[in-house]
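Okay, structure first, notes after.
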Amino acid sequence: MTLEELISKFQQKDEKAFESLYNMYSDSMQGVIYNIVRDHNVAEEVMQDVFIKAWHKAETYSSEKGRFFTWILNIARNAAIDKTRSKNFKKSKQNLYTDFFVDILETSDSLDNKTDAIGISKFVSKLAKKCIEVIELLYFKGYTQKEASEVLDMPIGTIKTRNRNCIKELRSMVLS
C-alpha cells in the first residue's frame, strides 16, 4: 500500500491505517516533542495527544499543501510548545532535579536520534552555519522567533527572513 493510500484510509477513519502511520512517525514525533519539553513522560503524553488530534482533524490534511509528515510534525511542534507554555508544566518545572539540567547541557547542541528518522539532518548539515542555527532553534528546539532573535542577538526581522530563505534552500535540497 502506498503512503497516499494509507493517508486516504486514515482520513476515512481506518484504524489499521492509523496504527501504520503511528508506527511510521511516532519515534520522529516523540523526538521533536522531547527536544522541546525535555521530559520523556511529557513527550510521550503530548505525542499521544498529537496522534489523537491528527485522527480527529484528518480531513484537514491536503497533499496539495504539503507532505503528511510535515503536517503532523507541525501539529506535534505546536502541541509541545503549547505544553511548555501551560501553567501546569511551568509549575512542574519549578523544583527541578539537577539531572534535568545535566541532560539539557548534554543534549542541547545535538539533535536527538529520534528526530532524524526521516534523514533530514544530513540536509540541514549541508546548510550554512547561520541557517543551521536558526532552523535548529525554531524547528528542533521549539523556540519562538522572538526567543531565537534574543538567543542569536539579531533583529526578529532578520530571523524571519533567514528562516524563510533557509527553509526554501532546504526544501530545494530535499526535493531535488
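Multiplying the residue separation of Gln48 and Glu64 by 0.36 nm and removing their Cα-Cα distance gives an extension gain of 3.2 nm.
Full-extension gain between Ser8 and Lys130, please, as 0.36 nm times their residue separation minus the C-alpha to C-alpha distance. Full-extension gain reported as 40.1 nm. Taking 0.36 nm per residue of separation and subtracting the current Cα-Cα distance, fully stretching the chain between Gln145 and Lys16 would add 42.6 nm.
Out of the total accessible area of the range 1-95 (probe 1.4 Å, heavy atoms of protein only), what percent is carbon and sulfur? Please list the in-between numbers first.
Values: 2620 of 5640 Å².
For the range 1-95, the apolar C and S fraction of the accessible surface comes to 46 percent.
The values are calculated or read from the model by the stated rules, or taken from the named source; none is laboratory data. Because the structure is a prediction, the values reported are computed rather than measured. With ligands, DNA and RNA removed, areas are computed over all heavy atoms of the protein, side chains included. Shrake-Rupley method; radii C 1.70, N 1.55, O 1.52, S 1.80 Å.
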